[in-house]
Amino acid sequence: MSSLRTPLCDAIGTDHPIVQAPVGSVSTPELAAAVADAGGLGLLAMSWRDAESIVESYERATDLTDGVVGVNVVLDESTGVDDPEACLETCLDAGASVVSFSFGDAADSVERVHEAGGTAMVTVGSAQEARDAAAGGADVVVAQGAEAGGHVQSDVTTMSLVPRVADAVDVPVVAAGGIGDGRGLAAVLALGADGAWLGTRFVATRESGAHDAYRGALVDASETDTRVTEAFDRGWPGQPHRALATPELRRGEHDDRPGEGEPVAHTPGGDPVERYADLPPIEGVEGDIEALPHYAGQSVGLTDDVPAAGAVVDALVGEARTALGALPDAR
């Protein structure tokens with residue numbers, strides 16, 4: 001398939017202006033590699049990995065593709081991240097050339113990426129945050145709207161946020177939040193973005209690390225089935241997140257938070273997962289899967305199957321081309 005090129009592609013070295021969101025432990029090396037192999041940017045979430053796991057994950061992904069694999073570093077230490085700077089150094093030492101930052105002041109970290117010859121992306125939730133990020137040296141800004149799944153940085157809709165950010169900065173803009181197909185990609189390009197960032201759509205792919213029950217729940221959900229909440233705050237206190245409105249989510253919003261702290265599942269390594277913890281259901285988790293946060297954006301209604309990630313990238317490009325070509329000639 002021919003490429004769909006924008007200035008974002010030149011900035012990050014991809015064929016298509018498509019970025020796979022780093023959805024925690026769900027963003028496996030296999031997922032990032034599959035997206036990269038199809039011409040997009042595959043991202044690995046690195047903040048909750050130790051140094052050995054960071055290197056292993058990055059090397060595993062890059063061994064599987066000649067495309068571009070990047071990393072994400074969360075800067076807010078209230079998440080339980082011990083040392084974001086050490087995480088960044090390990091990522092750079094492993095060879096990461098594209099680094100995405102979220103939740104925190106990235107200026108010093110951006111400078112370090114540039115010293116290593118890399119490209120820095122910074123997630124923002126307002127036009128002013130975008131200006132600050134660009135002034136701090138960000139090569140790309142990611143405008144995350146309130147429709148996004150997982151932990152959110154804005155309460156402004158993507159449609160309102162993207163043109164504001166695009167007008168505020170001279171660097172490529174990636175739109176995030178509520179984008180689930182090629183029509184969404186075409187729409188954000190029309191709003192002034194240079195590409196799209198998708199999480200929910202890539203969680204429901206064969207290569208993701210999501211538990212089968214989690215993928216199935218996404219496929220069955222509609223656009224009205226998510227809610228912004230702070231219910232799953234054990235591990236990241238006070239940080240809003242969007243997830244499927246499961247009975248467990250509603251339970252966690254009660255003032256008395258029944259059952260808080262009790263183990264409801266176990267990780268593949270046998271560690272207990274407490275009720276209201278921020279860990280989504282991943283492959284190998286055993287126990288009450290429905291009690292874990294099913295992070296999802298409002299695009300979840302467009303997620304109706306579990307294809308290969310490369311097929312998702314191809315479909316996004318094809319659908320975007322069709323949508324852009326079908327626009328009426330308004331005169």
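Throughout, read-outs are computed from the coordinates displayed, never taken from laboratory work. Bear in mind that the values here come from a model prediction, so they are computed numbers and not experimental data. Note that each Cβ is placed from the backbone with ideal geometry, even for glycine, and that neighbours are counted across all protein chains shown.
In a Gaussian network model over the chain where Cα atoms closer than 10 Å are linked, find which of ASP220, ASP132, ASP255 has the largest mean-square fluctuation.
Its mean-square fluctuation being the largest, the pick is ASP255.
Starting from the Cα-Cα distance between ASP212 and GLU253, subtract it from 0.36 nm times their residue separation and give me the gain in nm to one decimal.
12.2 nm
Beta carbons within 10 angstrom, averaged per residue: use that to sort the peptides 125-131, 50-56, highest first.
On the way: 125-131: 18.9, 50-56: 15.0.
The peptides rank, most packed first, as 125-131, 50-56.
Once you have all Cα-Cα distances for the chain, histogram them in 20 Å bins from zero and send the whole-percent values.
34, 60, 6, 0
Within segment 261-295, name every residue whose backbone N is under 16 Å away from a label modeled 7 Å from Cα of ASP220 along the Cβ vector.
Output list for this probe position: 281, 288-295.
Only Lys, Arg, Asp and Glu count, each charged at its Cβ (+1, +1, -1, -1), so figure out the dipole size of segment 13-118 about its Cα centre, rounded to 20 debye.
So the magnitude is around 400 debye.
May I ask which residue of THR226, THR246, ILE289 lies farthest towards the positive end of the charge dipole of segment 212-299, with charges of +1 (Lys, Arg) and -1 (Asp, Glu) on Cβ and the Cα centre as origin?
THR226
I'd like to know which of LEU191, TRP236, SER208 lies farthest towards the positive end of the charge dipole of segment 148-246, counting +1 on Cβ of Lys and Arg and -1 on Cβ of Asp and Glu.
Checked the options; the winner is SER208.
Which whole-Hz ³J(HN,Hα) couplings does segment 209-215 yield from phi under the Karplus relation 6.51 cos²θ - 1.76 cosθ + 1.60, θ = phi - 60°, glycine and proline marked x?
Karplus values, whole Hz, x for Gly and Pro: x, 5, 4, 4, 5, 5, 4.
What is the magnitude of the charge dipole of the chain about its Cα centre, with +1 placed on the Cβ of each Lys and Arg, -1 on the Cβ of each Asp and Glu, and no other charges, expressed in debye to the nearest 20?
1200 debye
If you average the sequence gap of Cα pairs under 8 Å that are 6 or more apart and divide by the length of the chain, what percent do you get for the contact order?
With pairs under 8 Å counted, the relative contact order is 17 percent.
At 0.36 nm per residue, minus the direct Cα-Cα distance, what do GLU230 and ARG131 gain on full extension? Give it in nm, one decimal, please.
Result for the pair: 32.8 nm of gain on full extension.
Sorted from largest down, what three extents in whole angstroms do the Cα atoms of segment 212-299 have along their principal axes?
34, 31, 19
Quote the FRET efficiency, to the nearest 0.05, computed for ASP170 versus GLU290 with a Förster distance R0 of 41 Å and r equal to the Cβ-Cβ distance.
Efficiency computed from Cβ-Cβ geometry: 0.35.
Taking amide H atoms as placed 1.01 Å from N in the peptide plane, list the residues 5 or more away in sequence, or in a different chain, whose amide H sits under 5 Å from that of LEU43.
GLN20, GLY70
Considering only ALA296, ALA61, ALA107, give the residue with the highest GNM mean-square fluctuation for the chain, with springs between Cα atoms whenever their separation is below 10 Å.
Highest fluctuation among the options: ALA107.
Output ³J(HN,Hα) for segment 309-320: one whole-Hz value per residue in order, computed from phi by the Karplus curve 6.51 cos²θ - 1.76 cosθ + 1.60 with θ = phi - 60°, and x for Gly and Pro.
For segment 309-320, the Karplus curve yields 4, x, 5, 5, 4, 4, 5, 4, 5, x, 5, 5 Hz.
Please list 3J(HN,Hα) in residue order for segment 174-180, calculated via the Karplus relation 6.51 cos²θ - 1.76 cosθ + 1.60 where θ = phi - 60°; whole Hz, with x for glycine and proline.
Each residue's phi maps through the Karplus curve to give 10, 8, 10, x, x, 9, x Hz.
Multiply the residue separation of ARG5 and LEU324 by 0.36 nm, subtract the distance between their alpha-carbon atoms, and state the gained length in nm to one decimal. Spell out each step's value before the answer.
Details: separation 319, 0.36 × 319 = 114.84 nm, distance 1.35 nm.
This chain segment gains 113.5 nm when fully extended.
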